[in-house]
Amino acid sequence: MDSSVKNEVTIVDCVPLAAGIGKNSLSYFTSSHISVGAIIKVPVRGKRVYALVTKKKRLEDIKSLVRKAPYALKKIEKVESLSFFPEGFIKSAEKAADYFATTTGQVLNTLIPKVVLENISKITLKSAERKIETDGECFVIQGEMEERLTHYRSLIREEFARKSSIFFCLPTIEDVKHMKESLEKGIGSYTFAIHGSLSKKETITLWNAILKEEHPVVIIGTGMFLSLPREDVGTLVIERESSRSYKTQKRPFIDIRAFAHFFAKETKKNLILGDTLLRVETIAGYKSGLYLERIPLKFRMLIGTEQKIINMKGKKPPRSDFAILSDPLSSLIKETRENHEHLFIFAARKGLSPSVVCQDCGQVVLSEQCGKPMTFYKDNKENFFFCPICREKRSAKELCKKCGSWRLLPLGIGIERVEEEIENNFPDIKLFRLDKNEASTHKKAVDIVKKFEEAPSGILLGTEMALPYLRKIENTAVASIDSLFSVPDFRINEKILYILLTMRALATKQFIIQTRNPDQPILEYALKGNLIDFYRTEIEERKTFKYPPFSIIIKISVRGKKPEANKAAEKIAESFSEYTPYLFPAIRSTREKAIFNLILKIPQEKWVDEKLLRKLRALPPYVSVEVDPETLL
C-alpha cells in the first residue's frame, strides 16, 4: 500500500455505546483504515467505552472546520472491528433516537447485547450472503394462535423458496421458546432461538452459527437481537404485538415495535404484526390503509370451551364479609381434582386484599408516607398493611387513624386471599402460586410451572406474569379482575380484554369469570370473542380525549424532594407552555421523594418536531422523557 494512503488521517463521528453519556455523537481521528459500522474503543470522561462509527471524512476535506473546533480531537484508542453493523441498522437507530427523544448511543446500547460488545474478537462479522430487499410493506394478522402459526409455517416456506431468511421477534424469553417449539419441525437445523437468558458462551456460539449458516434461517429472538447483522432477512415478524414487554422499563424508554418499523422501512424488509388482539393503534392503522392484511383479520373468535360469568355481587357466605370462591369455581376445583386435570386461576392483584376500610367511619387505610391505599398482607401468620407504591409496612393490629375503631375490613380479592381460601377449603389439593413474590427470576417461574404441569390435579394461582409461561390446559378461571376496572389508565380496557382472551384461549374445557361487575361490556366481548364492538367503542373514546392513535403522548417526569421537584416541574411546564402541558403528581410519589408528570399531546403528523425535540433533549438528567408511554400514571 502507498505510504501516503496508509498514513492518511480520517475524522470519524461515532456514537458511544454506554449508558449515561448525554452526547449523541463524538468525533475522533485515526490513521488506521476504518469503515462506517465499525466498533471502536474511545476515551470518554476518563473511561474507555465502545462506540459505533456512523460517519467518516478525510482530514484534508475538513481542515478548516477542525481548526475552528473549540476542543482538541482525541485519537481512537482501538479499532475492535472494521465493519460490523450495516448502515441501515445505524440509520434506523438514529431515527428511533429522534422519535424517543434520546441519543443514538442509548438506543444502540439497548439493542446490542453487552456480551457481543465485550467479545468482539470472538464474534463473526456481518454475514457475507446476498442482501435481500422486498417491497418494504407492512402487514397485520389478527386471529387465534394456531391460525397465526399455520400462516407463519407457510410464510417460512415462501421465504426459503426465494432464499430469504426471516426474523420472529417476541416480547419475552418464554415466548421465544414456545415459538421455536411451534415452528422448528422439519427445519430444526435452520431454526435458531436466541434470548437474554443464555450464557455468554451460548450467545456467542449461536450468534456465530446464525451468521455462518449459508442456508436461509429462521431467527426467533427478543428485541435486542434485531442487531444480528444477517442481511438476507427479508421479513420481520413482531409476534404478540400487544405485549407491554416490548417497552423498556428504564431509560432510555424505547419501544422495540417502533424501532422495528424504522428498521424494516430503512432496510426494505416486509414487516408483519401479529396477535390475538392487536393494539387499538394498529387496528386504526389497518382501517386507514397504513397496514395491509396477510390474511383476513378476525374480529369475532368462536371457541368450543364451556364458559360463563359468575355474578359475585351480594354473595356473602357464613362467617365472612364476602365470597372469595363462588360455587361454580369450587365445583371446578373439585372436578379438576377428581378428573386429574389442571386448573389455572388468575388473580389481578397481589396481597390478601387490595384495600382496607373502617366499617364505622368509612376511612380507607392509607400510607403515612405517600397517602395511597394500603394492601392487606399476611407473612408467617402475621397480618400487616403494605403500600406497593412507597413500600411502607405497618402492623394490621392498628386502629382506625380517624375514629379509633378496631373494625377495619379488608375489601377486594388479592392473590394471597384466594390462596388462603383454597387451602382452607381444599387442604389436600396441590396448589402452586406464580407472582413476583414467589418467582423473582425467570428460572423460578419456569420451575413453578413445570411442577404444576407434572402434578396430577394441580392448581396454579397466578397474576398476569404467569400467562406467557402457560400452554393449553383443561380449565381456567378468573378469581378477581374487578380492581383493574378502576385503574385510571387509557389503555386499561385493552389490557383487561387481552388477559381475558388469553385465559379463554388457554382452556380446552372450561373458562369462568368471577366478578362483581357483570354488566361490564368487556366481559361479554371476551366470552363472545367480539373484538369489533370493543374496537368501535374504544376508538371513539380515544378520539374524544385525543389519545393515541389521535396524538403522540409525551410524558415528562421530574423526580426529587417534593418542594424542589414541584417547583422544577412548574418551571418546565412554563417553558413548554406553547404545547399546553398538563401537570400532576404521579401515583408513585411519596412524601419524601416525589414524581411530577407533565403530559404533552402532540398531533401524530407533527412528531418528530425539531424544535420540541431540542427542548426535550436539553432537559437536565433528573428529568426523564417517555414518548408514547404505556401509562400516564
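Please treat every number below as a calculation from the coordinates, not as lab data. Not measured: the values here are computed from a predicted model. Cβ coordinates were reconstructed from backbone atoms using ideal geometry, including for glycine residues, and neighbour counts include every protein chain displayed.
Roughly how large, in nm² to one decimal, is the mean projection of the convex hull of the alpha-carbon atoms in the stretch 113-189?
Numbers: hull surface 29.0 nm².
If I average the Cα hull's projected area over directions, I get 7.3 nm².
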Item to check | Flagged links, alpha-carbon separation over 23 Å, of Lys287/Lys546; Lys546/Lys606; Lys250/Lys561; Lys95/Lys571; Lys269/Lys601 | outcome: Lys95/Lys571; Lys269/Lys601
Next on the checklist: Can you tell me the orientation of helix 415-425 relative to the chain, as the angle in degrees between its alpha-carbon axis and the longest Cα principal axis, to the nearest 10?
Outcome noted: 40 degrees
Item to check | Packing rank of 556-568, 262-274, where each peptide gets the mean count of other beta carbons within 10 Å, highest leading | outcome: 262-274, 556-568
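Give the percent of DSSP beta bridges with both residues in the chain that are antiparallel, rounded to the nearest 5. Present the calculation step by step, with values, prior to reporting the outcome.
Details: 57 of 109 bridges.
Taking every DSSP beta bridge with both residues in the chain, the antiparallel ones total about 50 percent.
By count of other Cβ within 10 Å, fewest leading, how are Trp207, Trp406, Trp607 ordered? Provide the component values of the computation, followed by the final result.
Working: Trp207 25, Trp406 11, Trp607 19.
Starting with the residue having the fewest Cβ neighbours, the order is Trp406, Trp607, Trp207.
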Next on the checklist: Tell me the Rg and the Dmax, in Å, that the Cα atoms of the stretch 138-293 produce.
Outcome noted: 14.9, 46
Checklist outcome for this item: Candidates for Kirkwood radius over Cα pairs in Å are (1) 24.9; (2) 29.8; (3) 27.3, and the calculated one carries label (3)
Checklist outcome for this item: With -39,500 (n - 2.57) per DSSP H segment of 4 or more residues and division by the full residue count of the chain, the 222 nm estimate, nearest 500 deg cm²/dmol, is -9000 deg cm²/dmol
Checklist outcome for this item: Under the Karplus relation with 6.51, -1.76 and 1.60 and θ = phi - 60°, whole-Hz ³J(HN,Hα) for the stretch 466-471, x at Gly and Pro, equal 6, 4, x, 8, 9, 10
Checklist entry - Sorted by average packing, counted as other Cβ atoms within 10 angstrom per residue and highest first, what order do 131-140, 47-56 take? => result 47-56, 131-140
Checklist outcome for this item: With Cα coordinates, the longest principal axis of the chain makes an angle with the long axis of helix 256-267, in degrees rounded to 10, of 30 degrees
Item to check | D_trans [Stokes-Einstein, Kirkwood Rh over alpha-carbon pairs] for the stretch 211-286, 37 °C, 0.692 mPa s, µm² s⁻¹ | outcome: 241 µm²/s
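Please give the net charge around Thr205, taking every other residue with its beta carbon less than 11 angstrom from that of Thr205, where Lys and Arg add +1 and Asp and Glu add -1.
Numbers: positive: Lys122, Lys200, Lys201, Lys212; negative: Glu202.
Net charge in that neighbourhood comes out at +3.
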Item to check | Cross-link partners of Lys436 among aspartates and glutamates (Cα-Cα below 13 Å; sequence separation of 8 or more within a chain) | outcome: Glu416, Glu464
Checklist entry - Which angle between 0 and 90 degrees, to the nearest 10, do you get for helix 173-183 versus the longest principal axis of the chain when only C-alpha atoms count? => result 80 degrees
